[in-house]
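Asker: What follows is a structure written as structure tokens; I'll ask about it next.
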Amino acid sequence: MNPDAPFPGRAEAAPLLITGARLIDPAAGVDGAMALLVEGGRVAALGPGAERRAAELPGVERHDAAGLWMLPGLVDLHVHLREPGQEGKETIASGTRAAAAGGITTVVAMPNTLPATDSVAIVELVRAKAREGGVVRVLPAAAVTKARQGAELAEIGELARAGVVVFTDDGDGVANAELMRRALEYGAMFGVLLVEHCEDKALSAGGVMNEGTVSLRLGLRGWPKAAEASYVARDLVLAEATGARVHFAHLSGRASLDLVRAAKAKGLRVTAETAPHYFALSEAWLAEHPYDTAGKMNPPLGSEEDRLAVVQALRDGTLDCIATDHAPHGGLDKNVEFDQAAFGILGLETSLALTLDVLVRPGRITPARAVELLSAKPAELLGLKGVRGTLAVGADADLCLVDPEEAWTVDPERFQSLSRNTPFAGRTLTGRVKRTLVAGRWVYADGRGILD
Amino acid sequence: MGTLGRKDLLDLEGLTAEEIGMILDEAEAFREVGLRPVKKVPALRGRTVINLFFEPSTRTATSFHLAAQRLSADVLDIKVGDSSVKKGETLLDTVATFEAMDLGVLILRTAHSGSAAFVARHSRASIVNAGDGMHEHPTQGLLDLFTLRRRFGRVEGLEVAIVGDVLHSRVARSDVWGLLKLGARVRLCGPATLCPQALAAVWEGAFPGRVRVVHELEAALEGADAVQVLRIQLERLQRFLFPSTREYSRHYCLTSARLRGAKPGCLVMHPGPMNRGLEISGGVADGPQSAIRGQVANGVAVRMAVLHLLAGSEEAA
């Protein structure tokens, strides 16, 4: 049983046959026009077999998706749903609706809630809220240390037994090297994924944007990319020493990526994600929009060299995933002076479109590589290979239909999220999510919104 | 809106050389007013000017107050500890309250870069930036340009050294933009921690080759027509930016002996308040080449010009 199965107690959806779409499923080695049949919330058949089986079944819903791409539902390793504690910014209900609108069918909920998600009780609370009001699957991550204080290990074993896979103090790194070493050793027993937020706070102290020409011009305190890279270096040494696997969240700088590339070449068990803003924007955005707090996030937007390095790392496999780091904030946190503003921007409703517009359309990566980054690889890191991140027969029937040619203009007022903080407002992107299916049920349709 | 055709004065980066020239010309006229026995003109009669300072300031607040009074405005000084306004929303609320009192001009100083622009976007009143964090302090920049122009008759072609904590200095940023726009060349000087080489790139695009960063004071002074010495703040020691005041003064204190390496008659400026013996010797500060007291007097005239050009009615000009 999936602990994150949505729609408990509802009658099973009718079988569904989707025809006419180009199915892009690199995990199954598939890229081509193919029918897909859903039964009982799972993929039941593909291709001519799907059509034949549908003809035998009563009450099959048919959906014509000619001209669209059909992708395994996207899996987002890094989402701040803000519940419990900051429900004015986002709730599990609103955040999962935003995910559905972005084609994302599984989200990993970050544990920097209030209180921090560091116990089975809070994990169960998040799961219960997700079952009640969520429209996509929610996997709560738990803190590495008690109350995210960086002082004592959280009860990783008990949490792992309760089904938690991802452990992170995200928002902070595990600053104490001995504690990080022990977390790696201890967590490895349970096969968990330790996700590090890489920030040396002595180097980033007081910083609000990338240290460079733009920060010097605006008189904003600089945050050197060395704050990220020096942390990555430490964790790579610890990962090698312990043999444990480590995953780096939201990498943004060239120096960090060079370190990860070298570590992978050496055979270390290291994986890494970036967020769409790090390949779509650089600090130049802040030069063009001085002091606009929609451009303030942690880590900060880097130089153009950093941005290009992120694109290269997505191409060459140094980066494994694109995760949004969806970080909703309201006006009280963002409609203030730059120094005072909260770090973070929304991501769920623009992630796929930015990937298609910035990376796929100009030929930087193939559509199949985009699916690996957004779905197949993150599913594999969660231990869900063959179940999510693919539409092979037997897999969960989580998918999205995408019009790769449709241009649309980002309008935060139309977001499902409760918050509006995005630097992409007004930007026209090509590639649009048309429909999202979770466990065999349509949860989102462009033009109609969330289908409850 | 006054004759400048702008609502606000937020920085010198955004002004043209012509606009700066207009302000300096106007300041020249107001300087005459300061020499009269009755130092008042009715240019801002009936207008409300509020000095809102979130950081301690004696000279800038006083200078603006006097400037507004000499223009016959109603002036209020409000000094707030930064702790009472932690959130910008409260800052905006404060400004909204003043606006309800028919605010004409808000003179704003805060510890946060970009705060003047932030308030300006949300307010109908004219905003004058009296120092926003490490960003700009445009009226200080203007009065430095005014001081140079009075001494040399021009700014174009001058070689000006700016010495000290350039990294954290809003005065330095305004000075550099103003100097470059009026055709001067600039040497920035200080230890690499307070005056990094990367600073030159800020201006390289718009003014190629006109800003140099050097780390030796002697090199900065050689052939300089004027030198602006910046105040060293002792809290920088806590962030490891230099080892001691003793070592700083050994390398960067402007002494009479070092000043002899500059052009004869090199003008010495300091935006104040000075740490005598740390960044500037008493002998230089009080010596014949010092323009430091003149800077203060010029400050009132320049601020009168700014207030008048932003908020004065055309006919009162």
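Asker: List the relative contact order of chain A as a percent without decimals, with contacts defined as Cα pairs under 8 Å and 6+ residues apart.
Answerer: Averaging sequence separation for qualifying contacts and normalising by length gives 20 percent for chain A.
Asker: A further question follows. Over the alpha carbons of the range B:16-125, what is the largest minus smallest coordinate on each principal axis, giving the biggest first in Å?
Answerer: Between the extreme Cα coordinates on each principal axis of the range B:16-125 lie 44, 30, 26 Å.
Asker: How much accessible area per residue does the protein assembly as shown have, counting only protein heavy atoms and a probe of 1.4 Å, in square angstrom?
Answerer: Accessible surface, normalised per residue, equals 37 Å².
Asker: Right, next: For B:9-19, what's the mean count of beta carbons from other chains sitting within 10 Å of each residue's beta carbon?
Answerer: Counting other chains' Cβ atoms within 10 Å and averaging over B:9-19 gives 1.
Asker: May I pose another question? Using only Cα atoms, what is the ratio of the radius of gyration of the range A:305-452 to 2.2 N^0.38 Å?
Answerer: This ratio for the range A:305-452 stands at 1.12.
Asker: Assuming R0 = 22 Å, what is the FRET efficiency of A:Asn176 and A:Glu155, from their Cβ-Cβ distance, to the nearest 0.05?
Answerer: For R0 = 22 Å, the calculated efficiency reads 0.75.
Asker: Quick one: which bits of the range A:190-223 get at least 10 Å² less accessible when the partner protein chains are in, versus the chain alone, with a 1.4 Å probe?
Answerer: A:Ala205, A:Thr213, A:Leu216, A:Arg217, A:Leu218, A:Gly219, A:Leu220, A:Arg221
Asker: Taking 2.2 N^0.38 Å as the expected size of a compact globular protein, what ratio does the Cα radius of gyration of the range B:138-295 give against it, to two decimals?
Answerer: For the range B:138-295, the normalised Cα radius of gyration is 0.94.
Asker: Average partner chain C-beta neighbours within 10 Å, per residue of A:337-347?
Answerer: For peptide A:337-347, the averaged partner shielding equals 4.
Asker: In chain B, what percent of the accessible surface is made up of carbon and sulfur (1.4 Å probe, ligands and nucleic acids excluded)?
Answerer: That fraction is 53 percent.
Asker: Largest first and in whole Å, give the semi-axes of the protein assembly as shown's equivalent ellipsoid, each being the square root of 5 times a Cα gyration tensor eigenvalue.
Answerer: Equivalent ellipsoid of the protein assembly as shown: 58, 28, 22 Å, largest first.
Asker: Mind checking which helices in chain B clear 18 Å along their axis (Cα) and have mean Kyte-Doolittle hydropathy of 0.0 or more, DSSP H runs only?
Answerer: Answer set is B:17-35, B:292-311.
Asker: Let me ask something additional. For the range B:18-56 and the range A:380-436, what is the centre-to-centre distance using only Cα atoms, to the nearest Å?
Answerer: 58
Asker: Can you give the translational diffusion coefficient of chain A in µm²/s, computed by Stokes-Einstein from the Kirkwood radius over Cα pairs at 10 °C and 1.306 mPa s?
Answerer: D = 73 µm²/s.
Asker: Another question, if that's okay. Calculate the translational D of the range A:164-248 in whole µm² s⁻¹ from Stokes-Einstein, where the hydrodynamic radius comes from the Kirkwood formula applied to all Cα pairs, the temperature is 4 °C and the viscosity 1.567 mPa s.
Answerer: 94
Asker: Provide the descending list of Cα extents for chain B along its principal axes, expressed in whole angstroms.
Answerer: That works out to 53, 42, 38 Å along the principal axes.
Asker: From the C-alpha gyration tensor of the range B:131-214, pull out the three semi-axes of the equivalent ellipsoid (sqrt of 5λ each), sorted largest to smallest, in whole Å.
Answerer: 19, 15, 11
Asker: Going 7 Å from the Cα of A:Ala241 toward and past its Cβ, which residues in the range A:269-288 have a backbone nitrogen under 18 Å from where you end up?
Answerer: Counting backbone N atoms under 18 Å from the label point, the list is A:269-270.
Asker: How far, in nm, would the chain grow between B:Arg246 and B:Asp93 when pulled straight, counting 0.36 nm per residue and subtracting the alpha carbon separation?
Answerer: So the chain would gain 50.6 nm between B:Arg246 and B:Asp93.
Asker: Now a separate question. Which positions within the range B:187-205 get 30 Å² or more of their accessible surface covered by the other protein chains, compared to the chain by itself, with a 1.4 angstrom probe?
Answerer: For the range B:187-205, once contacts with the other chains are taken into account, B:Val202 lose 30 Å² or more.
Asker: Let me know the charge dipole size of the protein assembly as shown about its Cα centre in debye, to the nearest 20, where only the beta-carbon of Lys, Arg (+1) and Asp, Glu (-1) is charged.
Answerer: 1420
Asker: Quick check: pseudo-label points 7 Å beyond the Cα along Cα→Cβ at B:Gln238 and A:Ala66, how many nm apart are they?
Answerer: 7.1
Asker: Normalised radius of gyration for the range A:62-124, please: alpha carbon Rg relative to 2.2 N^0.38 Å, two decimal places.
Answerer: 1.40
Asker: Give the percent of DSSP beta bridges with both residues in the protein assembly as shown that are antiparallel, rounded to the nearest 5.
Answerer: If we restrict to bridges inside the protein assembly as shown, about 30 percent are antiparallel.
Asker: So, one more: Report the A-B buried area as the accessible area lost on both sides summed, probe 1.4 Å, in Å² to the nearest 100.
Answerer: When A and B are taken together, about 2000 Å² of accessible area is lost.
The values are calculated or read from the model by the stated rules, or taken from the named source; none is laboratory data. Just so it is clear, the structure is predicted and the values come from calculations on it, not from any experiment. We place every Cβ from the backbone using ideal geometry, glycine too, and count neighbours over all the protein chains shown. Ligands, DNA and RNA are excluded from the accessible area calculation, which covers all protein heavy atoms including side chains. Shrake-Rupley method; radii C 1.70, N 1.55, O 1.52, S 1.80 Å.
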